[in-house]
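Note sheet for the following structure.
The values are calculated or read from the model by the stated rules, or taken from the named source; none is laboratory data. Everything quoted here is computed from the prediction, not taken from an experiment. Positions of Cβ are backbone-derived with ideal geometry, glycine not excepted, and every protein chain shown enters the neighbour counts.
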Amino acid sequence: MSYILLVDDDRDDIELTMLGFRDEGFKCEVAVAHDGKEALDFLLAAYSAHRPLPAAVLLDLKMPRMDGFELITRVMGDPRLRHIPVAVLTSSGHETDIKEAERLGASRYLRKPTDLKDYFLIVQEVKALMTVKTAP
Amino acid sequence: MRRRRAFRTVPDFFRLAFESLAEYALVTTGTDLMISSWGVPARGMFGYSEEEVIGRSIGIIFTPEDIAAGIDKREFADALEQGRRIDQRWHVRKDGRRLWCHGLAFPLRDAKGTARGFVKLIRDDTERKSKDDDLREKEERLRLAAESTGLGLWDFDMAKKTFLLSARAAQLFGLGGERTPVGFERILEKVHSDDRSTISADFEQALQGVGVGRDMEYRIRTPDGKYRWVRTLARALYEDGAKREGPPRRLLGSVIDITEEHRKKILDYELNRELERRVKERTAQFQALNKELESFAYSASHDLRAPLRKISAFSQAILQSRESRISSTDQGYFERIMAATSKMHRLIDDMLNLTRVTRKPLVRAVCDLSATARAIADDLRRNDPRRDVDFVIRDDVRADVDCDLMTVALRSLLENAWKFTGKHPRARIEFGVKPEEGRPVYFVKDDGAGFDMRFAHKLFGAFRRLHSEEQFSGTGVGLGIVERIVSRHHGRIWAEAKVEEGATFYFTLDSESL
């Protein structure tokens, strides 16, 4: 059973993303981590325990303890994890943020929608990411 | 022998000899001062013929005031007593004109030494005196002028290597009232040690006739130990007035105290520097503050976005939820909440755009503004195909600008024109350029709602609106953004409009139209 890991420190945004997914009929299972550190620990623990790794990681950039940029760096720098597609889901449209995330290895840069209907686009993108089959 | 024949008597010889000295009149009198001989030069000098004066008192050539004072008589008495008497005084001609004369009077004595009369030898110095008077007057005038302006005068003798100083010059050179000639070294001693070598070199050059006439400014130590700034100016005098080569014969010059002038100059300089420094400081402060404000606006608007997004998304969730049973009134409220948040979103977006336009580094390149305008026009038509708008876009308008920013500006202006022609069944929107004072002036012109020119000053302020939102939607930031883009290109923007007769926005860019 494939699932995605959603990393966001904002509980409202997590809720809205879930709502958006639900409204769009996206039935995928979603694991949640509240910062980069928690997400990295989760991924490494899953790897060690031979549990399945998520089909994609959807992460926010501004987070406590470990921010999105560092999480991307850690995942991409880890041979055990670097096959997992990573997408940024954030409210920042800052040019430098987008460029930096891409440089570090993020596959997508998505903006958190204002309109729930726009989660349609997010779902499309996430689905596309999940189909990227890479060997663990 | 021949000579003896030529002059019958010795007195004849002297008489002729004296008479040939045309500028000396020789008059003789008896001891009673009655004229006994009156030579040719005397006739010319005083205008009396021999017949008119022989036997008359010599007093006729004295001025009435001298006669009244007994000077005529005293002169001969003195001559008798002292053997001779030399004087200078006014005499009177027959026609009343006065002559300034140099005179020599002495008694004529016989072999026994008895005085038999007097000889008076007179030279007319009137002309010389008037020249001397002129010169004296000129000198006096110069002295007065020099004194009243505090100007000191000096005269350097090249042969003796000494200065002759006017009282004021001596005072300025720190030499007190010294009037005797002073050497250059004496003056140099008084010059501030920092200025000495320059003065020395300049003076050496002046002695060679080089750089004479150049101002020299330096400090002189006054007797009380303080320093004062003086300025000297020299002129060279040559032996032969026409020849102005080589070392001059004399140097004439002036010296003036310029301490006050100098102090003012320094003060002005310091004041200017201080002002400049302050302007720089304030500008830097202002720029820093501006940057801070911009970054504050940027992050504030950024942070405002997140909660706003949540308000609208959760409101939407409630509205869409199948479980929620809310009344139609409540539903209306939620719709209003969403409309308000979407308005606020637009405001925040515009605020972000405004700060972005200010912060973005300017990258200049040649841009085809015509193509940009055409693409924007196509977008506008596509979004609202029902509108009947005639776009007139001039071909090949190019400029060396930041293409991204100019696209934003053109879009804003064209969208504006599109919006404000919206209430007219047909519209015409024009983009073009025209030369004005040799510079290209770009314009976007429409025939829409226009505005009252009395409010034109409000046009370019951010979030200022000339129309109500019911009339025309918008945040009022668009033109503010255009203004910033234009001013970042060192250009100017202005508008001309009339209510219901359309508006034209003109702008210049600091670039050549290509």
* Do we have residue B:284 as hydrophobic (A, V, I, L, M, F, W, C) and surrounded by 12 or more Cβ atoms within 10 Å (Cβ to Cβ) here? -> no
* Asked: So is residue A:82 within 30 Å of residue B:301 (Cβ to Cβ) and not hydrophobic (A, V, I, L, M, F, W, C) or not?
  -> no
* Only one of A:89, A:6 that is under 24 Å from residue B:298 (Cβ atoms) and hydrophobic (A, V, I, L, M, F, W, C) -> A:89
* Looking at residue A:68, is it of a type outside the set (A, V, I, L, M), surrounded by 15 or more Cβ atoms within 10 Å (Cβ to Cβ) and touching a residue at least 60 places away in the same chain (Cβ under 8 Å)? -> yes
* residue B:398 being touching a residue at least 40 places away in the same chain (Cβ under 8 Å), over 25 Å from residue B:351 (Cβ atoms) and out of contact with any Asp or Glu (no Cβ under 9 Å at 6 or more places or on another chain) -> no
* Structure fact -> The lone condition residue B:295 fails out of (1) within 13 Å of chain A (Cβ to nearest Cβ); (2) closer than 22 Å to residue B:484 by Cα; (3) surrounded by 14 or more Cβ atoms within 10 Å (Cβ to Cβ) is (3)
* the stretch B:303-354, residues that are aromatic (Phe, Trp, Tyr) and more than 12 Å from chain A (Cβ to nearest Cβ) -> B:333, B:334
* Has the stretch B:366-373 got at least one residue that is surrounded by fewer than 18 Cβ atoms within 10 Å (Cβ to Cβ), away from every other protein chain (no Cβ under 14 Å) and more than 51 Å from the chain's Cα centre (by Cα)? -> yes
* **Residue, farthest from the other protein chains (Cβ to nearest Cβ), within the stretch A:5-20, restricted to residues that are in contact with a Pro (Cβ under 8 Å, 6 or more places away or on another chain) and not charged (D, E, K, R)** => A:5
* Asked: Looking at this structure, is residue B:295 part of a helix (DSSP H, G or I), of a type in the set (Ser, Thr, Tyr) and more than 22 Å from residue A:12 (Cα to Cα)?
  -> yes
* Could you tell me which numbered condition residue B:331 fails, if it satisfies all but one of (1) out of contact with any helix residue (DSSP H, G or I) (no Cβ under 7 Å at 6 or more places or on another chain); (2) exposed (fewer than 15 other Cβ atoms within 10 Å of the Cβ); (3) not acidic (Asp, Glu)? => (1)
* Looking only at the stretch B:41-60, which residues are surrounded by 13 or more Cβ atoms within 10 Å (Cβ to Cβ) and within 16 Å of residue B:30 (Cα to Cα)? -> B:50, B:53, B:54, B:56, B:57, B:58, B:59, B:60
* Asked: Looking at the stretch B:169-189, which of the residues that are in contact with a Gly (Cβ under 8 Å, 6 or more places away or on another chain) and either more than 24 Å from residue B:225 (Cβ to Cβ) or without any contact (Cβ under 8 Å) to a residue 60 or more places away in the chain (or both) is surrounded by the fewest Cβ atoms within 10 Å (Cβ to Cβ)?
  -> B:171
* Structure fact -> Counting only strands (runs of 3 or more DSSP E) entirely within the stretch B:134-230, those with at least 1 residues that are under 32 Å from the mean Cα position of the chain (by Cα) and within 23 Å of residue B:261 (Cα to Cα) are B:152-157, B:216-221
* **Which listed residue, of A:89, A:104, A:110, A:58, is of a type outside the set (Lys, Arg) and more than 28 Å from residue B:360 (Cα to Cα)** => A:58
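Table: residues versus (1) within 20 Å of residue B:31 (Cβ to Cβ); (2) without any contact (Cβ under 8 Å) to a residue 40 or more places away in the chain.
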| position | (1), (2) |
| --- | --- |
| B:64 | no, yes |
| B:76 | yes, no |
| B:79 | yes, yes |
| B:83 | yes, yes |
| B:95 | no, no |
| B:101 | no, yes |
| B:104 | yes, yes |
* Asked: Which of the residues belonging to the stretch B:97-121 are among the aliphatic types (A, V, I, L, M), part of a strand (DSSP E or B) and more than 60 Å from the chain's Cα centre (by Cα)?
  -> B:104, B:105, B:108, B:115, B:119, B:121
* So residue B:385 fits all but one of (1) in contact with a His (Cβ under 8 Å, 6 or more places away or on another chain); (2) assigned to a loop (DSSP other than H, G, I, E, B); what number is the exception? -> (1)
* To do: For the stretch A:79-100, enumerate the residues that are under 14 Å from the mean Cα position of the chain (by Cα) and either of a type in the set (A, V, I, L, M, F, W, C) or at pLDDT 90 or above (or both).
  => A:81, A:82, A:83, A:84, A:85, A:86, A:87, A:88, A:89
* Structure fact -> Picking from B:233, B:308, B:251, B:237, the residue that is surrounded by 10 or more Cβ atoms within 10 Å (Cβ to Cβ) and more than 30 Å from residue B:164 (Cβ to Cβ) would be B:308
* Within the stretch B:125-152, which residues are small (Gly, Ala, Ser) and at pLDDT 85 or above? -> B:130, B:152
* Please work out if residue B:79 is touching a helix residue (DSSP H, G or I) at 6+ places or on another chain (Cβ under 9 Å) and surrounded by 11 or more Cβ atoms within 10 Å (Cβ to Cβ). => no
